[in-house]
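The values are calculated or read from the model by the stated rules, or taken from the named source; none is laboratory data. Every value quoted in this text rests on a predicted model; they were computed, and no experiment measured them. In this analysis, Cβ positions are derived from the backbone assuming ideal geometry, glycine residues included, and neighbour counts consider all displayed protein chains. SASA here: full protein model, heavy atoms, side chains in, ligands and nucleic acids out. Shrake-Rupley method; radii C 1.70, N 1.55, O 1.52, S 1.80 Å.
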Amino acid sequence: MTLHEAIELVLKENKRPMSAKDIADEINNRNLYQRGDGNPVPTSQIHARVKNYPLLFKKTLAREIALLSPPGEATSTTKTTPLPETERVKPSITKYENTLTLENFRTYKNRTSIALAPVTILTGKNNAGKSTIFKSQILLSDYLNSDNQLILEFDGLSAHKHKIDCIDNALSWGSGNKSFTIEYNKDGYGFTFTFDKNKNQGVLGNLLIMHEKSGYMLSMRRLSQYRFSLHLDIEFIDTYFKPEPTKEDIEMIALDEILNKLKKERSEINKHILNIDKAFQGSPMYINLLEKKKTINERLKNTRFQIANLSEGSQKKEFESKYQIGVEIDLSDEIETPDFKIASIIRRSLLNIFNSENFRKEFGTSDKNKDRFKLFRFTDYLTRAMMFNVYHLGPNRTHQARLYINRNRENEINEIMNFYAHNEPAKGSKVDRFLKNWMQEFDIGEEIEVVPVQATASYIVITDNGKKQNLTDKGFGAGQVLTMLLKIVNEVQKSKPSRHTNRFQRIALPTIIIEEPETNLHPEFQSKLAEMFYDAHKLFGIRFILETHSEYLIRKTQSLINKTNDQGVFKIYYVDKTKGIYEMRYREDGKFIDEFGSGFFDESTNLTLDLF
């Protein structure tokens, strides 16, 4: 029995959430799981294993562990048949991933989690729930960029994107539950927002922020309209000041580098083997290559074994908060001049406590100014950590016109061109080279000029083979691709700090959500899109969520993984009305382990068979 199966068994039999310590004690007492070193299972290992199975376990506000599915129900997501060595998937690299979890939000009544890669692709039949994923992100982005984070407004800047005009349309239909939850993790912190229905509006009901490595946390719970309870582990503040890496951290990084190096060597050898003619497959050179491949496979196996042992056997310090603050917040006196951003509320609520002599006596601190400085730094970091910026491009992101009106919001190209006209990248800069390279790859032209007209409109001039022409004279697909390219360029330009901005004021690069990026594109260009998004992430760190039905785009991601060995950059999810949402996992060679739903990759085969 594996450790996560032992945890699942204990929770099922007890039929209630349990602390990590109680679970570890029961597993050890009943001898349900044997560690390789013979030592009992520590609570830190329970926390680590629960974190690795977000589709099976969750942590409650009381920091207890619970099953996502009710006791007695099958948890098919974890009952996988062991794969042969050739089909084993390397676990996704955690530095790439953010996780999004929805519960009782629109089509996702039950708790549903997906790991978001730099390029996340959603596919599946129409009306299966793909749009719910990005609607939740657009709504949350509007909320976190608002001045009043006690209220969930549905008429923010991106209301025309998510089109959820009231709390009733956000709640899962027919559930009877009057609250929904959105969770995400970022930079080592987990954020859980629960919004309640209060008359006809949404209000913040609960907020939980947890440092994933230590388990220290901060929580806010609504008591009445303007009253909240705030609980904080004092040590949580120090988590924003990054500690030195541990010996285990350094060793894990070194092993991961060795693993990637060996995989690249094996990939090169495989290419040489494939290029050898059949007539020479008994030659000494061919036999030598096979021997080298065998040696590398053995080294890969040993390296993976070392990584697994290090992960299982690492004795991480079990963090238990020694100092906790509980305070009740009453904001009723501040409604005339509201500053209801969460970080500001926390700062104001804790400032008086940090200033008091009793606080320094109780928690053993002596420097009042140092404590205040840490509090201000903590809330500054919190503001940045919570940033959740997304931008949505719909399938009708462009239109053909000689002149584009800047304030026309029917198509994204109007606003995008207006910004580009006033923020054009420097000639020869990295972002300028990116734009021109991909303009040529998609046969748009070599140069672009956005010409403003009396600050109310703009038109686009494309230089192609030395000839200048209006964008309208190019194909409609050119405008579709150019809109995406300019949006990427604009976001990179926005993120550049000026000499007047500090690191807390810098604009974080967003996640760009694009519906049907393949619209109006030839199959060859649909395939190139995968390379363009990969390039944009590698150069600038921009992340993407793509909703697509393009088999060519998806096939190209397989080719890129096979060629680059860059595991984790792409994730593909198939959204099915019956099965829900599930990941299409890649093998190391880029092939899929899981199968698409019917009517996708098999459709061309079915049509061919119809001819016979």
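The apolar share of the surface of segment 248-299, taken as the fraction of accessible area on carbon and sulfur atoms (1.4 Å probe, ligands and nucleic acids excluded), comes to 57 percent.
Protection proxy ranking for 103-115, 5-17, using the average of other Cβ atoms within 10 Å per residue and placing the highest first: 103-115, 5-17.
Quick check: at a probe of 1.4 Å, how many percent of the accessible area of segment 92-239 sits on carbon and sulfur atoms? Percent of accessible area from carbon and sulfur atoms in segment 92-239: 44. Ranking Tyr189, Tyr226 by solvent-accessible area of protein heavy atoms (1.4 Å probe, all protein chains present), from largest to smallest, gives Tyr226, Tyr189. Extending 7 Å from Cα along the Cβ direction at Glu524 and again at Ser229 yields two label points whose distance is 6.6 nm.
Summing Lys, Arg as +1 and Asp, Glu as -1, what charge do residues with Cβ under 12 Å from the Cβ of Gly590 carry, Gly590 excluded? Neighbourhood net charge equals +3. Within 12 Å, Cβ to Cβ, of Ala421, how many net charges do the neighbouring residues add up to if Lys/Arg are +1 and Asp/Glu are -1? Cβ neighbours under 12 Å give a net charge of -3. Between Arg555 and Arg348, the C-beta separation translates, for a Förster distance of 60 Å, into a calculated FRET efficiency of about 0.65.
So which lysines pass the test for Lys263, namely a Cα distance under 18 Å, with those fewer than 8 places away in the same chain ruled out? Filter leaves Lys90, Lys271, Lys292, Lys293, Lys294, Lys301, Lys563, Lys591.
Computed 3J(HN,Hα) for segment 205-210, one whole-Hz value per residue from the Karplus formula 6.51 cos²θ - 1.76 cosθ + 1.60 where θ = phi - 60°, is x, 9, 10, 10, 10, 10, glycine and proline marked x. In this structure segment 119-238 gives 38 Å² per residue of accessible area when probed at 1.4 Å with all protein chains present. Put a dot 7 Å past the Cα of Asn288, heading toward its Cβ, do the same for Asn302, and the two dots end up 2.2 nm apart.
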